[in-house]
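**Q** This structure is in structure tokens; I'll ask about it shortly.
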């Protein structure tokens, strides 16, 4: 089992485990941390949606009226009242869930989120053997993108959880060293934006209907790699 398969399974069912997944988590620190993050998020979601519906005592007889009442009120069907409370509980649950996600997910800048993400996969920089086209294509296809010829050799390809979505994380080998590319179909940037943070140097660029984050830890020309990636990455 590879990292992409493990993370898709964990995202679908954070508590699911079997021998293959357990073996991968024991050997991969990044996926093990990802599994813990998914379990914590799943717990918060379940807690937010666990909204109790109050019990209502309703008249049982067709003409039951409260003692001493001057005018009987129209009798509502028990099912109708229960549905109203269930709807109210659902609305409350959605409101709590929205608040939980807003508080629980950091609203950091896109560049800051990209740099923070790199700490989860330190081994990505050390991959040096080019991957086959099939391995790269599998990761990209899951996010609705594909790679045309023209990119340097891709030595790392994973589908990563980033700001609430799975996105392709690639590492390519430039003449000056490895360069990371995050393909961000659901992000938007107006124009090329350079950034430096925590020892990384990078650029955010518009690409198709989304954006790309391209960064390095050395003297690699991230702007040149970003330009290549803009031309090579296509949306299906």
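The values are calculated or read from the model by the stated rules, or taken from the named source; none is laboratory data. Keep in mind that what you see is a predicted model, and the values were worked out from it rather than measured. FYI the Cβ positions are ideal-geometry reconstructions off the backbone, even for glycines, and counts take in every protein chain you see.
**Q** Hey, among 214, 225, which residue is outside any loop (DSSP other than H, G, I, E, B), more than 29 Å from residue 38 (Cα to Cα) and not assigned by TED's automatic domain parsing to the domain that holds residue 35?
**A** 225
**Q** Another one. What are the residues in segment 195-205 that are touching a helix residue (DSSP H, G or I) at 6+ places or on another chain (Cβ under 8 Å) and either free of Cβ contacts under 8 Å to residues at least 60 places away in the same chain or surrounded by 16 or more Cβ atoms within 10 Å (Cβ to Cβ) (or both), if any?
**A** 195, 200, 201, 202, 203, 204, 205
**Q** Of the residues that make up segment 123-137, is at least one assigned to a strand (DSSP E or B), surrounded by fewer than 21 Cβ atoms within 10 Å (Cβ to Cβ) and not assigned by TED's automatic domain parsing to the domain that holds residue 11?
**A** No, segment 123-137 has no match at all.
**Q** Another question, then. Scan segment 138-159 residue by residue and report those that are assigned to a strand (DSSP E or B), at pLDDT below 90 and crowded, with 17+ Cβ neighbours inside 10 Å.
**A** Result: 145, 147.
**Q** Which of the residues that make up segment 18-36 are outside any helix (DSSP H, G or I) and within 20 Å of the chain's Cα centre (by Cα)?
**A** Scanning segment 18-36 gives a single hit, 28.
**Q** Can you name the number of the only condition in (1) touching a helix residue (DSSP H, G or I) at 6+ places or on another chain (Cβ under 8 Å); (2) modelled with pLDDT under 90 that residue 132 fails?
**A** Looking at each condition in turn, residue 132 falls short on (1).
**Q** While we're looking at this one, here's another question. Tally up the residues in segment 160-177 that are crowded, with 21+ Cβ neighbours inside 10 Å and more than 22 Å from the chain's Cα centre (by Cα), please.
**A** 1
**Q** Also, quick follow-up: For residue 188, state whether it is within 17 Å of residue 235 (Cα to Cα), within 23 Å of the chain's Cα centre (by Cα) and in a strand (DSSP E or B).
**A** So residue 188 fails the test.
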